[in-house]
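Novice: For reference, the structure I am asking about is given below.
The values are calculated or read from the model by the stated rules, or taken from the named source; none is laboratory data. In this text the structure is predicted, and so the values were computed from the model without any measurement. Don't worry about glycine lacking a Cβ; one is built from the backbone with ideal geometry, like all the others, and counts go over all protein chains shown. Note: areas computed on protein heavy atoms with side chains; ligands, DNA, RNA excluded. Shrake-Rupley method; radii C 1.70, N 1.55, O 1.52, S 1.80 Å.
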Amino acid sequence: MEITVNINGTDHSADVEPRKLLVDHIRTGAGLTGTHIGCDTTSCGVCTVLVDGKPVKSCTMLAVQADGRRVTTVEGLKTADGLHPIQQAFSDEHGLQCGFCTPAMMLVGAALIEENPDPSDDEVRWAISGNLCRCTGYMNIVKSIRAAAAAAGNGSSGADD
Amino acid sequence: MTDTTTTPPEIGGIGHSVKRAEDARLIEGQGNFVDDIALPGMLHMALVRSPVAHARINSIDTEAASAVDGVVAVVTGELMDAHGLAWMPTLSGDTQAVLATDKVRYQGQEVAAVVATDPYIAADAAELVEVDYEMLDAITTPQQSLADGAEVIRDEKEGQTDNLAYTWETGDAAATEAAFANADRVVSLTTHYPRSHPSPLETCGIVADVNSVTGQATLYMTSQAPHAHRTLFALVAGLPEQNIRIVSPDIGGGFGNKVPIYPGYVVATAASLLIGQPVKWVETRTGNLISTGFGRDYYMTGELALSDDGRIQAMRVDMLSDQGAFYADAQPSRYKAGLFHVCTGSYDFGNAHIKCRGAFTNKAPGGVAYRCSFRITEASFLIERLMQTAADELGIDPAELRLRNFIQPEQFPYETPTGFVYDSGDYPTALRKALEAAGYDELRAEQAAAREQGKLMGIGIAHFTEAVGAGPAHTYDIAGLKMIDSAELRVHPTGKAVLKIGVKTQGQGHETTFAQIVAEETGIPAGDIKVIHGDTDDTPYGLGTYASRSTPVGGAATAMVARKIADKARHIAAHLLEAAPEDIERDADKFFVAGSPDQSVSIQDAAFAAYTNLPEGMEYGLEDVTYYNPPNLTFPYGSYVVVVDVDPDTGVWKVRRMVALDDCGVRINPMIVEGQIHGGLTEGFAMSSMQWITFDDDGNCIGSNFMDYLIPTAWETPRFELLETVTPSPHHPIGAKGIGESATVGSPAAFVNAVVDAVAHLGVRNIDMPVLPDRVWEAIETADT
């Protein structure tokens, strides 16, 4: 099927098999390998991207379902002005170790801050509860997301209370 | 926090929380993981796995799969056998099937592989491979396996007439028996440390690129030990070692899972060799959970002989280990049960005797050191659970019981009854500090009051001692390869440097911390040092990263090579300052003549001179390599205190507080150390509360995906309060001990002790891990009181 997906601001047209998963289309079709695959069952969340601004696990969406929609991947976070605050915060607060879950965590965090400019510790934990991390124990991820909210001029605190 | 810095922040030596060098690419989605690699002409491989746990293979029909458009080859055990590759050695001296030819011995075992132009086609065609299985009874516990008359799982193994994989014992049996005979009290505990799986979020994979013309084999692999893997590939496949290049790129977590060589790697390499095109194989999550290296699965009975006042006299342990179908523990070859004999823990007593039997079962092989230094997690868990049991049995406060038995600071170096020589420690200070931070006395008072009201709260303590950093060549090898490690340092004319190391990061931050070690020793800013790892053509030899050995061994090699460079730079500085080398001193970043700091030569000046203006007779360049053979292991330790509230009606328990004091010696990068502890505590919490792999009676793996194998999310994971003491290792060049695994080793006992403590007054002495609510509820319901 012919589809056109806007990925990170650029329209990508392609002829894809109807069964092709969005995550595979992003990784091998668009060549954006920052979106990862970790479990095959929609459990781990490392494939999370934003579809029209909302977090979606791209292993559970077909590429054809994204036709005409706007997809943001980790490669789309940075702008001409530099790193997205969430990227800076993850580095500053040691919110990543192996980096495999990180793109998804940052996208979920960025979407949360759009919706809730000053999330509490619990609100962040709930928001990322569909995303597993094996390295960090989540504390510094929570800290990073709250720090990003604070840096965006919205949040009250990046502290892990 | 203890300040151990000697350099200014702009140098970023030891003790600075330098931001990580590796983050820049990872936060922009520019990491390079195995599945991100795409080579021209690359094919894709899918494995056909056994759906049953135990069966004879009558036939394999590949015709339908081969006929699928896009399928290039279907590989079976028969084809592998024709090349002498149907079986391969394990890291514990056993053999393991690469592709099954005679029988399948566990669910998920590799039976065939399909290579196709597209991963979807490969997966489709794999479904079409027809295997005719003749079912055999599955043996799913080591108890069944070792019972008289049990069917022999390893019937292909010459001389194997039962299902015993190994026996092992250590310690002084007679002296231990005598101590038990004379003891006032004997306390015992029988528990199962359940099978668990490291399950890094990136599964295992390979892109094998074997050039049929040149014979060059470039293998991009998820490998925690690329150099050892290169040598093993050479030995097993008969490929000349100079033509094998293993590249372990960014690794999405390892935790021991990526130490062994798995059948998928071997088959993909063979397929690339036979077809003449690159072949990619990336495991599915189910494949990862049901076939690759698990951890633990030890049935343990431990006993302590004590005096009435709680002084330990001796320890006795009898264990049964479920090895799965092949004995494939990744561990030093001398020790069949890893370093379990560190089980005497932090306590001063004279005698111990430990024995273990390993049994084959119809389960996946493994026994990897899942975020631990070879069975130390099981050992630490047993002694710390026994201490809780002893405290409850003798009516002595568990903190007080530990304080009465601790090895004292002045006793170091301390030789344990099983032969370890602990390097350094101050256990009483650590425990007291953790108790104080937790408010221990107040918590006990609160607990007493809560019990009056029928409420259940528990306070769990664990004080662990690890033995990491294997290890000294006289004792430690894996598959015959001595467990040394290495570092090569090149300083370029402009004073920028490249450090090449034999160890391999999987998220621990080597690119940052190893640069900090060089910065400390040479004065070159950490940001000016590029750290290269994981590519065997571009790094010196080493045994890899697991068992917390990177800092103790690779970090020591790095410090030593940096000292060689600094010494040469000092001689060059002497030449430039027209002084004798012995008169030259160095501060953080420059050399000067003693007493005249005004005239100085920077390390950068010395580097430039190394290529332009040398003293007579000195060789050009500023580079060197060091192979480090550690004189001893290192022994990190910690005191953990957990507070839980237990719902008496449901058995659900919640962590109210988790106070973790770690002493890992000198901390190179405190930020990274704390991150390692957070992660380790979470895995300890996972094992104690939810994470285990089980099987039904037919050997079907329950826990074959992340819907059944539970990993804690941010929602369940407790918050942690971290503390530290710093007791340097006296034999390590920079006094560091290693930290990657301490928290996983130490914390499970603290969590379990807390829950048991909450119900101990009811007579409960043990609840096996994972401490699921129904188990707690049942313990309460069936308690003696």
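Novice: Do the conditions hold for A:Gly45, that is, is it of a type in the set (Gly, Ala, Ser), at the interface with chain B (Cβ under 8 Å from one of its Cβ atoms) and buried (at least 22 other Cβ atoms within 10 Å of the Cβ)?
Specialist: It is false that A:Gly45 is of a type in the set (Gly, Ala, Ser), at the interface with chain B (Cβ under 8 Å from one of its Cβ atoms) and buried (at least 22 other Cβ atoms within 10 Å of the Cβ).
Novice: How about region A:79-99: which of its residues are buried (at least 17 other Cβ atoms within 10 Å of the Cβ) and outside any helix (DSSP H, G or I)?
Specialist: Matches in region A:79-99: A:His84, A:Glu93, A:His94, A:Gly95, A:Leu96, A:Gln97, A:Cys98, A:Gly99.
Novice: Count, please, the residues in region B:581-594 that happen to be of a type in the set (Gly, Ala, Ser) and touching a strand residue (DSSP E or B) at 6+ places or on another chain (Cβ under 9 Å).
Specialist: Qualifying residue count for the region: 1.
Novice: Can I ask one more? Quick check on my filter: what residues within region A:137-154 are in a loop (DSSP other than H, G, I, E, B) and within 17 Å of the chain's Cα centre (by Cα)?
Specialist: The answer is A:Tyr138, and nothing else.
Novice: Here is a follow-up. Would you confirm, using the coordinates I've provided, whether A:Leu107 is in contact with a Ser or Thr (Cβ under 7 Å, 6 or more places away or on another chain) and either within 11 Å of another protein chain (Cβ to nearest Cβ) or modelled with pLDDT under 95 (or both)?
Specialist: yes
Novice: Also: For the structure I just gave you, tell me whether B:Asp124 is open to solvent by 30 Å² or more (accessible area, probe 1.4 Å) and assigned to a helix (DSSP H, G or I).
Specialist: Yes.
Novice: Of A:Thr28, A:Thr4, A:Thr33, which residue is open to solvent by 20 Å² or more (accessible area, probe 1.4 Å) and in a loop (DSSP other than H, G, I, E, B)?
Specialist: One residue alone meets the criteria, A:Thr33.
Novice: Enumerate the pairs (first residue in region B:711-735 and of a type in the set (Phe, Trp, Tyr); second residue anywhere and open to solvent by 20 Å² or more (accessible area, probe 1.4 Å)) with beta-carbon separation below 6 Å, excluding pairs fewer than 6 apart on the same chain, so at least 6 apart or on different chains.
Specialist: B:Trp715/A:Ser129
Novice: Would you tally the residues in region B:75-100 being closer than 19 Å to B:Val48 by Cα and touching an Asp or Glu at 6+ places or on another chain (Cβ under 9 Å)?
Specialist: The number of residues fulfilling the criteria is 7.
Novice: Among what's in region A:61-104 and is on the phi < 0 side of the Ramachandran plot and without any contact (Cβ under 8 Å) to a residue 12 or more places away in the chain, pick the residue that is nearest to the other protein chains (Cβ to nearest Cβ).
Specialist: Taking the candidates together, the pick is A:Ser91.
Novice: In region A:105-124, what count of residues is obtained for those that are crowded, with 21+ Cβ neighbours inside 10 Å and out of contact with any Lys or Arg (no Cβ under 8 Å at 6 or more places or on another chain)?
Specialist: Selection size over region A:105-124: 8.
Novice: While we're looking at this one, here's another question. Do you know which of the residues in region B:1-24 that are touching a residue at least 60 places away in the same chain (Cβ under 8 Å) and charged (D, E, K, R) is farthest from the other protein chains (Cβ to nearest Cβ)?
Specialist: The qualifying residue farthest from the other protein chains (Cβ to nearest Cβ) is B:Glu10.
Novice: Go through (1) part of a helix (DSSP H, G or I); (2) assigned by TED's automatic domain parsing to the domain that holds A:Asp11 one by one and return the number of the condition A:Pro55 breaks.
Specialist: (1) is the only condition that A:Pro55 fails.
Novice: Something else about it: Going through region A:11-25 one residue at a time, which ones are within 10 Å of another protein chain (Cβ to nearest Cβ) and either closer than 30 Å to B:Pro198 by Cα or open to solvent by less than 10 Å² (accessible area, probe 1.4 Å) (or both)?
Specialist: A:Lys20, A:Leu21, A:Asp24
Residues are listed down the side, and each one gets a yes or a no for (1) within 14 Å of chain A (Cβ to nearest Cβ); (2) touching a residue at least 12 places away in the same chain (Cβ under 8 Å); (3) part of a strand (DSSP E or B):
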position: B:Lys433; (1), (2), (3): no, yes, no
position: B:Glu442; (1), (2), (3): no, no, no
position: B:Glu488; (1), (2), (3): no, yes, yes
position: B:Val498; (1), (2), (3): no, yes, yes
position: B:Val503; (1), (2), (3): no, yes, no
position: B:Gln506; (1), (2), (3): yes, yes, no
